[in-house]
1. Could you list A:43, C:46 so that the one with the fewest beta carbons within 10 Å of its beta carbon is first and the one with the most is last?
2. How much of the calculated P(r) for chain B lies past 24 Å, in percent of all Cα pairs?
3. Got a sec? How would B:19, C:317 order by Cβ neighbour count within 10 Å, fewest to most?
4. Please report C:129, B:119 as a ranked list, fewest other C-beta atoms within 10 angstrom at the top and most at the bottom.
5. Please express the Cα-Cα pair-distance distribution P(r) of the range C:70-159 as a list of whole percents, one per 5 Å bin, running from 0 to the bin with the greatest distance.
6. Return one number: the angle in degrees, 0 to 90 and rounded to the nearest 10, between the long axis of the Cα atoms of helix B:9-27 and the longest principal axis of the Cα atoms of chain B.
């Protein structure tokens, strides 16, 4: 059991380092979801099933859902969408300039 | 010293995770990265608390077979505290994400340095 | 900002004559339909002024952002900041790692945290709370006010998120945020597949399962791991799955902002009153009239089942509201 926990903790630290190194926001959020799932298993190895089920539902589910929605809102997911937004903005500014 | 770290391996991992989250908050200028770093610091503190309550060979604190002695179950108090903490952490990160969305709509950037530069000395 | 004439009711008409703007045209039609009300017109003028100010400020911000993007960041300041950060990080990790070496061994029985409080919870918990799960018995009986505060924090967070991200195109017609949303209808969901059949079939199978699992976890909180928070989050996730697959129309028919407010406030008040009653009568070992029941049965544990259901309602509604507000700016 000790070996399993140590490997899981190493994986946790690896996930954390990967999140801090990655430049792409979507990638880092996905890796953070991974981090939460590993955390879930660590709660089981620490004999706290209450924490495991709460982390699985709240930490992994709801937090990453909110992260994805935030990325959607700040146009960090779809590059096409971002380009479209930019084009619209320039068109609007240009239109006002002509008036 | 090294053997002590190996013995307290859960606490050591929690400390390292705390420092990774802390450095993420310091070194990254992106607000989303800062929020993830803060969530990570939260998780590391929960890991530390729960590892303090763990006792080798004891079972999860759910009464089975009518056994009610401290020799059978781990310490339930850290579990209760962390349970509260996880839910509050979600509320805090939802709040911070809503604030960053508002900042993005206002300033069209999530770079904190640029936002500070845009808010400061408006007349200059 | 704009001229003084805009404050007078006549000034607006003059301005409408001179400038041809869509917004004003629509206002004219609206003004014909209702009794002229100077207060409302004043408010409209104020909003319009705010809108123009916002637009001007937005242009200023955009130009300054462009200038910032082109400007070279002073390297020396950046380097000093990085060095300072590294020093702080290294100092912190040294300090914390040193602290770890002074802790009692991991998993040992001799630990300051293992004092008489957890002993009391473990040895007397079943008799005093009637819950098999000692953690649930602890957070919903001995420390129930803590959990009440936690639920209130969740509610407050949802309300603040609603306050920050709510978009009501009717009431703030002139806000820049609402304008950008109106201009690009469903900018957020533009490229998403609508009525995706894989998603819909999966949701048809998974949503009832998620509901069942969540309700099971809520109702068995005092017997098995779980409780109001995790079960509520599972039911909320089921709702979110349904909404993602089939759209918001089904849920909006019975769940609006008012429903949310009423449900959560009722649940919080039920929690508070029942727990207050229990503290008045049953705390400190005084006999209460609420039977603890047979340990292991569903209807046991005194008030814990009721409190779990209350918390489950709060968490479910909050998860759905957070999703809806982040998704489309309204409940």
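1. Lowest count first: C:46, A:43.
2. Details: 3713 of 7626 pairs.
Within chain B, distances greater than 24 Å cover 49 percent of Cα pairs.
3. Sorted ascending by nearby Cβ count, the order is B:19, C:317.
4. Exposure proxy ranking, most exposed first: B:119, C:129.
5. For the range C:70-159, the binned pair fractions read 3, 10, 10, 9, 9, 9, 12, 13, 8, 6, 5, 4, 2, 1, 0 percent.
6. Long axis of B:9-27 versus the principal axis of chain B: about 10 degrees.
No value in this document is a laboratory result; all are computed from the given coordinates. All of these numbers come straight from a predicted model, not from anything done at the bench. All Cβ positions, glycine included, derive from the backbone under ideal geometry; neighbour counts span all protein chains shown.
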